[in-house]
Amino acid sequence: MGDATGVAEVMLGLPGFQVLEAVEAGAELVLTVETVPTAIVCPGCGGAAVSHDRAPVEYRDLPCFGRPVRLVWRKRRHRCPHGHCDLGTWTETRDELATRCLLTRRAAVECCVQVGVNARPVSQMARELGVAWHTVMDAVAEIGEPLVDDPRRVGDVSMLGIDETTWLSATRQHRTRYATSLVDLAARVVIDVIPGNASADVQGWLEAQPAAWCHRVAVVATDLAESYRHALGERLAHAIRVADPFHVVRVGNRCLDQVRRRVQNTTLGHRGRKADPLYRARKLMVKGAERLDEPGLDRMLLQLRIGDPEDEVLGAWLAKESVRDIYLTDNPADAEILIDKAIQGCRTDVVPEIRSLGRTLARWRTEILAHHLTGASNGPTEALNLLIKKVKRAGHGFRNFHNYRLRILLHAGGVAWTSLKPPTPSLRAHRPR
Ligand SMILES: [Zn+2]
């Protein structure tokens, strides 16, 4: 072994391989490698085998100093010379360089880590490595699926969150398609993602889980969807049901939005524009009242005085605030007083949207108050929804639900990444004085 190829082997870092040649080809670095020769025994008869020929197979490896690397592996083929043995010839194999994959094992792992942990777009990884989109996606699936399927990923869950997310936005061809995510609220991980948001979808998932697992779920938090409430029926009848505070507050915000849009349209005859008073008050109204300073509040009320002649938007804003008030206290008895005030206020209002909000609150009163009794927090669902959004942005709209689920679970599903890669020691720079 010459010195130069010795250096190349150290940099290659694939034990059992030797570098025959390293050349530059355009922007690429091309390394021709083969396995270190050893005595080969015929797997058929156990006799000594002989070398037959070599077949070059190409792999894409991790970039080296910013350049894409192509490995040309001259794969040895062996032959059994013994006449009584009918094995003939066979080709050597190595785990680091899989037969079906165009990527070296470590390049495939890197693809999975980048797409999974960092939610990087598959197309970006494909460009970086100089391979096709599906080559990277195949590698993500090959490395990632066992991690996601690992039964140790999801242990016992005491607080389960069930939440609707949008999978595909509506197009000319189809309506909005929804998915349901199932979340471990204590561990803050996404357990699973299933297509659909109907009662039967969730029921089917629950039925697929072991009865003992379902039994250990003590609290279930959902948004204010009757379909989810209905789905909990048999399998989770024992669990305390909580209406997720994040979604309760959102129902209040939605009511405000509806009233603002309607009043905007009836008073001005068009959708909100920059200079319209209701449009200008929009951001201030969505903010929590306690986060508005006095000038902010004055500005908002002034815009409402101009753009809201019947005080309908003002009413919706107050109703929204009355919903938020429920969560200003941790005390269950106080919360009960606050929700009843909110319900009563909404139900006696003349604005239909506000009355409807009151009916929703009344229907979910027990579940809303259960939050204060159990302390099931709204943080996890909200944070995990942001992670899901990040994956969706990287995917530019998923067509394939299987890939969508895989990438969400890799990013937010509590996968044990340490099983894939030993940690890299970090370099520390001297601190400037
Ligand atoms: Zn043989």
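Filtered by the rule that a residue be free of Cβ contacts under 8 Å to residues at least 40 places away in the same chain and within 16 Å of the ligand (Cβ to nearest atom), the stretch 65-114 gives Arg77, His78, Arg79, Cys80, Pro81, Gly83, His84, Gly88, Thr89, Thr91. Is it fair to say Val148 is among the hydrophobic types (A, V, I, L, M, F, W, C) and within 16 Å of the ligand (Cβ to nearest atom)? Here the answer is no, as Val148 does not meet what is asked. Taken over the stretch 44-69, the residue count meeting the criterion of being surrounded by fewer than 17 Cβ atoms within 10 Å (Cβ to Cβ) and out of contact with any helix residue (DSSP H, G or I) (no Cβ under 8 Å at 6 or more places or on another chain) is 17.
Residues in the stretch 32-46 that are in contact with a strand residue (DSSP E or B) (Cβ under 7 Å, 6 or more places away or on another chain) and away from the ligand (no atom under 16 Å from the Cβ): Thr32, Val33, Glu34, Thr35, Val36. Restricting the stretch 323-344 to residues that are outside any loop (DSSP other than H, G, I, E, B) and touching a residue at least 60 places away in the same chain (Cβ under 8 Å) leaves a set whose member that is surrounded by the fewest Cβ atoms within 10 Å (Cβ to Cβ) is Arg324. Among the residues of the stretch 400-425, write down those that are under 21 Å from Asp163 (Cα atoms) and assigned to a loop (DSSP other than H, G, I, E, B). Of everything in the stretch 400-425, those that are under 21 Å from Asp163 (Cα atoms) and assigned to a loop (DSSP other than H, G, I, E, B) turn out to be Asn400, Gly413, Gly414, Val415.
Listed by position, the helices (runs of 4 or more DSSP H) contained in the stretch 162-250 that have at least 1 residues being closer than 24 Å to Tyr327 by Cβ are 226-231. Only a single item in (1) surrounded by 22 or more Cβ atoms within 10 Å (Cβ to Cβ); (2) at pLDDT 90 or above; (3) within 23 Å of Glu367 (Cα to Cα) is not met by Trp213, and it is number (1).
Being buried (at least 16 other Cβ atoms within 10 Å of the Cβ), within 20 Å of the chain's Cα centre (by Cα) and not in a helix (DSSP H, G or I) is a description that does not apply to Val391.
When you look at Leu29, is it away from the ligand (no atom under 16 Å from the Cβ), surrounded by fewer than 14 Cβ atoms within 10 Å (Cβ to Cβ) and in the same structural domain as Arg67 (by TED's automatic domain parsing), yes or no? Taking the combined requirement at face value, the residue does not satisfy it.
The values are calculated or read from the model by the stated rules, or taken from the named source; none is laboratory data. Not measured: the values here are computed from a predicted model. Here Cβ is always computed from backbone atoms with ideal geometry, including for glycine, and neighbour counts include all displayed protein chains.
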